[in-house]
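Data block below; observations after.
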Amino acid sequence: MTQLEKFIQQWINETGNPEKHDAAKRFYADKIMPELLARLKETDPVGRQLREKGGVDTLFSVLGMTPAPIVMTQHLLQPKNHVIFYDKNIKVKDDNILAHLTSNPTYVMLEDESFGTIYETMKEMLIVSEGGNMVIDITGGKKSMTAAASIFAKDFDFSIVYVDMNAPGSYIPAIHQTRPGCERLNLVYSPLRDLPELFH
């Protein structure tokens, strides 16, 4: 059993105990997250492919209740600029998992969950981009945020990525959580790959 597997088992045991919920979150951030990030960087082909094809200039992420996928995507893509969109119910300060972000992202709070607000707010944040390769991570956030972000991505030639699970049994029903270590980055949509006729 690897060190990561030992950490994961301890985390599962603590997560299943409501009295240890906060301790389990800290344990995940302090012990599991660093191990996961190192492993993902070695094994994830999509992140490597995007980095090798000119890198990522701008990454937009939508943040929900689970910040780990945002951190994973940033580590894999190493964007020059990173903008994280979140709604007012999410606390971004002093989050132990977000502390693993390697650059200083720009946080943008969405005033409401309407399509117009999400779309226009993302459009305003294009100012941080210098063009080039642009990516939106739709893993986090509510469905309304994900839908608006996907439409925005299509309109402004962003690729779309999603942190998916790559193994059977990835979900642990007893604790309503995904097993750490099963993550992989999925390239859902790429303008060059899926609509090449627009770029010729």
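From the list ALA148, ALA99, pick out the single residue that is under 17 Å from the mean Cα position of the chain (by Cα), open to solvent by 30 Å² or more (accessible area, probe 1.4 Å) and among the hydrophobic types (A, V, I, L, M, F, W, C). That would be ALA99, the only listed residue that is under 17 Å from the mean Cα position of the chain (by Cα), open to solvent by 30 Å² or more (accessible area, probe 1.4 Å) and among the hydrophobic types (A, V, I, L, M, F, W, C).
Which residue pairs have Cβ atoms closer than 6 Å, lie 6 or more positions apart in sequence or on different chains, and pair a first residue in the range 132-145 that is under 18 Å from ARG193 (Cα atoms) with a second residue that is open to solvent by 30 Å² or more (accessible area, probe 1.4 Å) and part of a loop (DSSP other than H, G, I, E, B)? Pairs that qualify, where the first residue is under 18 Å from ARG193 (Cα atoms) and the partner is open to solvent by 30 Å² or more (accessible area, probe 1.4 Å) and part of a loop (DSSP other than H, G, I, E, B), are ASN133/GLY54.
Entry remark, the range 14-59: residues being crowded, with 16+ Cβ neighbours inside 10 Å, in contact with a Gly (Cβ under 9 Å, 6 or more places away or on another chain) and in a helix (DSSP H, G or I) number 5 in total.
Quick grid of which residues meet (1) surrounded by 13 or more Cβ atoms within 10 Å (Cβ to Cβ); (2) among the charged types (D, E, K, R); (3) under 30 Å from LYS6 (Cβ atoms):
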site: TYR107; (1), (2), (3): yes, no, no
site: ASP112; (1), (2), (3): no, yes, no
site: SER129; (1), (2), (3): yes, no, no
site: ALA174; (1), (2), (3): no, no, yes
site: VAL188; (1), (2), (3): yes, no, no
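Taking each residue of the range 68-85 that is within 16 Å of SER159 (Cβ to Cβ) and part of a loop (DSSP other than H, G, I, E, B) and looking for partners that are open to solvent by less than 10 Å² (accessible area, probe 1.4 Å) and not β-branched (Val, Ile, Thr) with beta-carbon atoms closer than 7 Å, six or more apart or interchain, yields PRO79/LEU59.
Is there a residue in the range 55-75 that is of a type in the set (D, E, K, R) and either modelled with pLDDT under 85 or in contact with a Lys or Arg (Cβ under 7 Å, 6 or more places away or on another chain) (or both)? Yes, because at least one residue in the range 55-75 is of a type in the set (D, E, K, R) and either modelled with pLDDT under 85 or in contact with a Lys or Arg (Cβ under 7 Å, 6 or more places away or on another chain) (or both).
The values are calculated or read from the model by the stated rules, or taken from the named source; none is laboratory data. The model shown is predicted, which means the values in this text are computed figures rather than measured ones. In this analysis, Cβ positions are derived from the backbone assuming ideal geometry, glycine residues included, and neighbour counts consider all displayed protein chains. Just the protein is used for accessible areas: all its heavy atoms, side chains included, with ligands, DNA and RNA removed. Shrake-Rupley method; radii C 1.70, N 1.55, O 1.52, S 1.80 Å.
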